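Written out below as structure tokens is the structure these notes cover.
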Amino acid sequence: MNAVRPRVTLGRILLYIFSYSFVLIWLIPMLWMVITAIKPDGSPVTVLTELIKPPFTMDNYQYVSENASIWRWTWNSVYIAVVTTALTLLLTSMAAFALSRIPFKGSKLVFWIIIAGLMVPTEATIIPLFLMMVDSGLVNSYSSIIFPSIAAPLGVLILKQFYDGIPKELVEAAEMDGASKLRIWWSIFLPLSRSSMAALGIFTFISSWNNFLWPFLAISDEKMMTLPIGIPLFQSGYAAELTIPMAANMLASLPALLVFILFQKHIIKGITMTGIK
Amino acid sequence: MVEPTVPVKKDGKGHIIDKRAGKMTSLIANKKVLSLNLFAWLFLAPYLLFYSWFMLYPIIKGFIISLYQWTIGNERTYVGLGNYQAIFKDGFFWEALGNTVYFVVISTPALVIAGILLALIVNSRLKGTGFLRSAFFLPHILSISVISSIWVFVLQPYTGLMNSVLKTLGVTQEIFWLDSANLAWLSILLATIWWTVGFNMVLFLAGLQEIPDDLYEAARIDGANSWHCFRYITLPSLKGVILLVVVLQSIASFKLFGQSYLMTNGGPGTSTRTLVQYIYETGFRTNEMGLASAMSYVLFLVMVLFAIIQFKFMAKKD
């Protein structure tokens, strides 16, 4: 941080006014969602004075939770995101450890083949993936969403880069003491890479949580849908009135908001570290 | 681990190069190398299983499918490169590709400039910086379905927030945001900026924080004003991050699907239909899997091109 405190000038005051009015405008769509979700059906939702005045109601929330499978979709989303994240962390860290610390024939080649996968967007493989899922009977299953996500190579790249930086002496000392490779990975590399793992984990979780295109194709059974797929389906029945759809939006966003509030610092650090959308 | 009793030298890869070490040592070394190989493959196997099954295989299978007329019911006829010829003659394909490129061209500069702007605001040491940063980033964590739904309601004629705000500002006519091609693109762009710019902001913020303060102080002493500082210190220092964001943003924009599909469904007509949506419709609605796969391959090649540019530039950065 800078030791020099900025002086109070006209410029700074204008900057304050500009920044805070801008952030207010920025948040309007979200505030509007929060408020319309608790307004009774049919109340005027574009007049500010009407918006902030009672009556307020929880009826919309009740209606959504009774008439949409929203809790089921939330559970599906949570389950898929948690399993995807756990498996991604476990498998990519094992692979990264092998590539970084165990010399073997073809190590470089394997690494480059994995890294080449960074160039392949899911969008380009939806057709073969879908046909594979149909052939193996995995359509409409959790696995159909989880498996392709685990194949993403980003984790291998990030963790290998981190593992490459762990001093050789540490490993040699452990080997002297008779530790096996498995032990070295588990008791040295995993604990040391905690912050990289956190960044990768949060990144994986959010990507899975917001994944749209692939679950949209792979899931047609309403019971197996995730929130991003179920919400538009539910809302398609409400074109004119918006209090109920907004309550659905709110319910769909609550878990993500909670994660954001809890892990804000990690999320932002993770983006800086991975730099990948 | 048994250590050789004879002192040995090792080369960079750990192979024993001292000939005096003799037969005994090389046997032990061989055994060690073998067990290392086995270990490495055991560690790699679980990941590689998923990688080859869901990454490598689909790429190969996708190409094979693209050579056939292939429906979901698994009826197939070999047509060679016929599908590729067909898509190059397909006006809708070119329209979708054009739409996608158009979105890349309008959204990339907008999202880069907006990202720098927000990063500058957050980086100017105002009180409540943490709040500003969180607020700008917040929409990014919402899912595309929620974002699209909010914006469709905001932009809805007669009952939407946007038009009623514009009315109080003196705009008398009702604007149908999603009913004309230009306004629909503008709407998709607005929603996309709101949704994703926080991500770019974080990258720019990291870039800004790496610029040493002395640079600015020295410039101030030499009589530079804020614009000079921005133009001759901030912008050149951010060059690397700007390049990175441009590449990442182009890739993300090229894959546009959710926003346009959910907000306009490609409309009005087909004027906001993107390449990914056209692939989806060809494959899953008209059941032309072969044709859709050929289109995917074109998409894939474009993405590889982007990625090569990205790698080149990332390699430079290191």
Quiz item: Of B:Ile87, A:Ile38, which has the most accessible area with a 1.4 Å probe, and how do the rest follow in descending order?
Solution: A:Ile38, B:Ile87
Quiz prompt | Where trypsin sites (Lys or Arg not before Pro) fall in DSSP loop in segment A:1-97, at most 14 other Cβ within 10 Å | solution = A:Arg7
Quiz item: In square nanometres, what is the average projected area of the Cα convex hull of chain A?
Solution: 22.0 nm²
Quiz item: For the Cα atoms of chain A, what angle does the longest principal axis make with the long axis of helix A:243-274, in degrees from 0 to 90, nearest 10?
Solution: 30 degrees
Quiz item: Using a ≥ b ≥ c from the Cα gyration tensor of chain B (square roots of the eigenvalues), is it rounded, prolate or oblate, where a/c under 1.5 gives rounded and otherwise the larger of a/b and b/c decides, a/b for prolate?
Solution: oblate
Quiz prompt | Given 15 as the ceiling on other Cβ atoms within 10 Å, longest exposed-site-free region of chain B for trypsin sites (Lys or Arg not before Pro) in DSSP loops | solution = B:128-318
Quiz item: Just the accessible area for A:Glu241, please: 1.4 Å probe, Å², rounded to the nearest 10?
Solution: 70 Å²
Quiz item: Hey, what number do you get for chain A at 222 nm if only DSSP H runs of n ≥ 4 count, each worth -39500 (n - 2.57), divided across all residues, to the nearest 500?
Solution: -22000 deg cm²/dmol
Quiz prompt | Sequence-distant aspartates and glutamates (8 or more away, or on other chains) whose Cα lies within less than 19 Å of B:Lys32 | solution = A:Glu172, A:Glu175, A:Asp177, B:Glu3, B:Asp11, B:Asp18
Practice problem: Provide the net charge surrounding B:Phe92, with neighbours chosen by a C-beta distance below 10 Å and charges set as Lys +1, Arg +1, Asp -1, Glu -1. | Solution: -2
Quiz item: Name the chymotrypsin sites (Phe, Trp or Tyr not before Pro) in segment B:126-165 that are in a loop by DSSP and that have at most 16 other C-beta atoms within 10 Å, would you?
Solution: B:Tyr158
Self-check item: Accessible area (Å², 1.4 Å probe, nearest 10) - B:Thr108
Solution: 10 Å²
Quiz prompt | Inter-site label distance for A:Leu51 and B:Val105 at 7 Å from Cα along Cβ, in nm | solution = 3.6 nm
Quiz item: Between A:Ala86 and B:Leu215, what is the FRET efficiency for a Förster distance of 45 Å, r being their Cβ-Cβ separation, to the nearest 0.05?
Solution: 0.50
Exercise. Determine the sum of side-chain charges near A:Leu192: Lys and Arg each +1, Asp and Glu each -1, restricted to other residues whose C-beta is under 13 angstrom from that of A:Leu192.
Key: +1
Exercise. Could you pull the accessible area for B:Ser134 with a 1.4 Å probe, rounded to 10 Å²?
Key: 20 Å²
Quiz prompt | Value at 222 nm in deg cm²/dmol, rounded to 500, when DSSP H runs of n ≥ 4 in chain B each add -39,500 (n - 2.57) | solution = -22000 deg cm²/dmol
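The values are calculated or read from the model by the stated rules, or taken from the named source; none is laboratory data. Remember, predicted model here, so these are calculated numbers, not experimental data. All Cβ positions, even for glycine, are placed from backbone atoms using ideal geometry, and neighbour counts span all protein chains on display. Areas reflect the complete protein model, heavy atoms only, side chains present, ligands, DNA and RNA absent. Shrake-Rupley method; radii C 1.70, N 1.55, O 1.52, S 1.80 Å.
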